[in-house]
Amino acid sequence: MRTLAVILPLSMIFTSVAQAQRGGGLSILRDAEIEHTIRDFAEPLFEAADLTPDSVDTYIVNDKSLNAFVAGGQNIFIHTGLIIEAKNYNELVGVLAHETGHITGGHITRFSDGLKGATAMTILGTLLGAAAIAAGSGDAGMALMLGGQHLGTRSYLKYSRTQESAADQAGLTILEKTHQSGEGLISFLDYLGDQELLSSYQQDPYARTHPVSIERISKLRQRVTSSPWYKAPPDPVMEYKFKRMQAKLFGYLKPGMTTLNKYPQSDQSVYARYARAFAYHKLHQVPEALREINSLIEELPKDPYFYETKGQILFENGFVREAGDAYRQAVKYLPSNPLIRVSFAQALLNTEDDALVDEALDSLKYALAKDPNNYFAWLQASIAYHRKGNEAMTRYASAERFLLAGDVRGAMVNAKFAMDNLPKNSTEWIRAQDILVTTQSNLSPNAQEKLPPLPDKKPDNDDQNGDHSLFFADR
């Protein structure tokens, strides 16, 4: 029943999100390195705030505006625009500390209590639904999953000046506990203060949802300058990771020539070469892209993310087997990352070499155990099981995939077939039953009346491939 309670609301959220994909909206970016870097920055803050790091989720929103926000209690969303425009690691970690302060203060929860229940659930459901289905397509080292309603819904998640001041103080306490300066937060808020002089149309969303005042910045500056950590330099390791992440995002999101202008060939830093690898890839200059990424691999031969990027470049240009070799190296040096595992599996499956299917399945099973909401991983799993001739598991993987996509009927049909053909009481059989019950409950009363009762046993072999057309009755 606990499983069903979780699946039921999500299945409804996924439907609305899937429909919103066609019209655009919230866009979640998935990338192994960027997600890992953000967690490296954020988890010490969560611990200092007496939060369990695993209980706080962080998401990267593909949007060029400077913004970050908390939704649904303990979910922090950071815009790519904020990462790209931040002057240094200190500014970004200052914003993360501030948003963590909103979590410890329960500000979003309290604000939502002031809304009508349906409205609050609609807003938070839309945002969290988009985050939950973020998949990370295996054919790219970074990938986008569209979903949610228009970003204008963010205006509902607006903090009061009192909440902002409270989050400032909580954020500074967190920074002090981690021996970091709050100077970056002041620098960022000074920028926001300038933004408030612009018309609302020209402002970045952060300025609209996090109101700034002279009094607020003055109070913040007074505490920051009196902190023993005021002049503490940024951790050089963290600053390095920040610059790498920033360059990677810039190269991935900006036009190729824009990247080459910002990171010219005269700049042979790790960051510049990384950005140029993506720029050349976008410009379809494959030899140049490979030259840049290979130079990085030669310099840092155990870096998994460089191999992942090389795999992406090769795969997207038709060098599938070579891509598999690159991804295999990425998995070797970072075997625990589910996104890299899925990319590796996709490359293996696309070689169309049946001898590699088992290896692909092994990586997919590992990835899904850690990231069960990965739609693209379930798609690849259904392909792998089909290649193995395992129709029951093909249908089970398809049921999971359709559920995440919000296709209730597709999930129901495939879950029914999986239940009829999987060993009774196996983990997959139980999960298929959960999906079947959940999806049936989403049908109209008339459609539900046409459905047969759930089977209480695995059918005989003669019945395993029976007619399931009844489940399409009201399509």
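Restricting segment 51-61 to residues that are in contact (Cβ under 8 Å) with a residue 24 or more places away in the chain and buried (at least 19 other Cβ atoms within 10 Å of the Cβ) leaves a set whose member that is farthest from Y307 (Cα to Cα) is V56. Of the residues examined, I103 is not one that is under 17 Å from the mean Cα position of the chain (by Cα), within 26 Å of K177 (Cα to Cα), modelled with pLDDT of 90 or more and of a type in the set (A, V, I, L, M).
The set of residues from segment 44-84 being assigned to a helix (DSSP H, G or I), over 25 Å from E176 (Cβ atoms) and of a type in the set (S, T, N, Q) comprises just one member, T80. Collect the residues in segment 36-76 that are in contact with a strand residue (DSSP E or B) (Cβ under 7 Å, 6 or more places away or on another chain) and acidic (D, E), keeping them in residue-number order. Those that are in contact with a strand residue (DSSP E or B) (Cβ under 7 Å, 6 or more places away or on another chain) and acidic (D, E): D57, D63.
Filtering segment 350-360 to residues that are aliphatic (A, V, I, L, M) and either modelled with pLDDT under 95 or open to solvent by 10 Å² or more (accessible area, probe 1.4 Å) (or both) leaves A355, L356. Being crowded, with 21+ Cβ neighbours inside 10 Å, modelled with pLDDT of 95 or more, assigned to a helix (DSSP H, G or I) and in contact with a Lys or Arg (Cβ under 9 Å, 6 or more places away or on another chain) holds for only one residue in A345, A411, A326, A384, and it is A326.
Take the residues of segment 391-408 that are closer than 23 Å to L361 by Cβ and either touching a Lys or Arg at 6+ places or on another chain (Cβ under 9 Å) or hydroxyl-bearing (S, T, Y) (or both): which is modelled with the lowest pLDDT?
To start, the set of residues in segment 391-408 that are closer than 23 Å to L361 by Cβ comprises 391-405.
If we keep only those that are either touching a Lys or Arg at 6+ places or on another chain (Cβ under 9 Å) or hydroxyl-bearing (S, T, Y) (or both) as well, we get 394-396, 398-400, 402.
Working: T394: 98, R395: 97, Y396: 98, S398: 97, A399: 96, E400: 95, F402: 91.
Among residues in segment 391-408 that are closer than 23 Å to L361 by Cβ and either touching a Lys or Arg at 6+ places or on another chain (Cβ under 9 Å) or hydroxyl-bearing (S, T, Y) (or both), the one modelled with the lowest pLDDT is F402.
Kindly establish whether T109 is open to solvent by 30 Å² or more (accessible area, probe 1.4 Å), over 16 Å from I34 (Cβ atoms), touching a helix residue (DSSP H, G or I) at 6+ places or on another chain (Cβ under 8 Å) and modelled with pLDDT under 90. It is false that T109 is open to solvent by 30 Å² or more (accessible area, probe 1.4 Å), over 16 Å from I34 (Cβ atoms), touching a helix residue (DSSP H, G or I) at 6+ places or on another chain (Cβ under 8 Å) and modelled with pLDDT under 90.
Taking segment 329-342 as the range and being among the small types (G, A, S) and open to solvent by less than 10 Å² (accessible area, probe 1.4 Å) as the test, only A330 passes.
For segment 299-336, a residue qualifies if it is among the aromatic types (F, W, Y) and within 18 Å of Y252 (Cα to Cα), and the qualifying residues are Y305, F306, Y307, F315.
Specify the residue that is surrounded by the most Cβ atoms within 10 Å (Cβ to Cβ); the eligible residues are those in segment 253-270 that are part of a loop (DSSP other than H, G, I, E, B) and of a type in the set (S, T, Y).
First pass over segment 253-270, keeping only residues part of a loop (DSSP other than H, G, I, E, B): 254-255, 263-269.
Filter once more, so that each one left must be of a type in the set (S, T, Y): 263, 266, 269.
Numbers: Y263: 22, S266: 6, S269: 12.
Across segment 253-270, the extreme among qualifying residues is Y263.
Return the residue satisfying two criteria in turn: it lies in segment 311-323 and is of a type outside the set (S, T, N, Q) and in contact with an Asp or Glu (Cβ under 9 Å, 6 or more places away or on another chain), and of such residues it is most open to solvent (accessible area, probe 1.4 Å). Within segment 311-323, the match that is most open to solvent (accessible area, probe 1.4 Å) is R321. Each residue in segment 32-50 was checked for being closer than 20 Å to L334 by Cα, buried (at least 23 other Cβ atoms within 10 Å of the Cβ) and not β-branched (V, I, T), and 1 of them qualify.
For segment 216-235, a tally of residues being more than 14 Å from L185 (Cβ to Cβ) and polar (S, T, N, Q) returns 1. Checked against the criteria, G101 does not count as farther than 15 Å from E35 by Cα, of a type in the set (G, A, S), touching a residue at least 24 places away in the same chain (Cβ under 8 Å) and open to solvent by 20 Å² or more (accessible area, probe 1.4 Å).
In the condition set (1) open to solvent by 30 Å² or more (accessible area, probe 1.4 Å); (2) of a type outside the set (D, E, K, R); (3) out of contact with any Lys or Arg (no Cβ under 8 Å at 6 or more places or on another chain), N374 is compliant with all but (1).
Could you tell me which residue of segment 271-303 is least open to solvent (accessible area, probe 1.4 Å), considering only residues that are assigned to a helix (DSSP H, G or I) and of a type in the set (K, R)? Taking the candidates together, the pick is R276.
Taking interchain pairs and intrachain pairs at least six residues apart, which have beta carbon atoms under 6 angstrom, with the first residue in segment 408-436 and touching a residue at least 60 places away in the same chain (Cβ under 8 Å) and the second of a type in the set (V, I, T) and open to solvent by 30 Å² or more (accessible area, probe 1.4 Å)? Partner pairs satisfying both residue conditions: D434/T3.
Which one of A367, A418 is surrounded by 19 or more Cβ atoms within 10 Å (Cβ to Cβ), at pLDDT 90 or above and within 26 Å of the chain's Cα centre (by Cα)?
When all the criteria are applied, what remains is A367.
The values are calculated or read from the model by the stated rules, or taken from the named source; none is laboratory data. From a predicted model like this one, the values you see are computed outputs, not experimental measurements. Please note: Cβ atoms are built from the backbone with ideal geometry, for glycine as well, and neighbour counts cover all protein chains shown. Accessible surface is based on the protein model in full, side chains and every heavy atom, while ligands, DNA and RNA are left aside. Shrake-Rupley method; radii C 1.70, N 1.55, O 1.52, S 1.80 Å.
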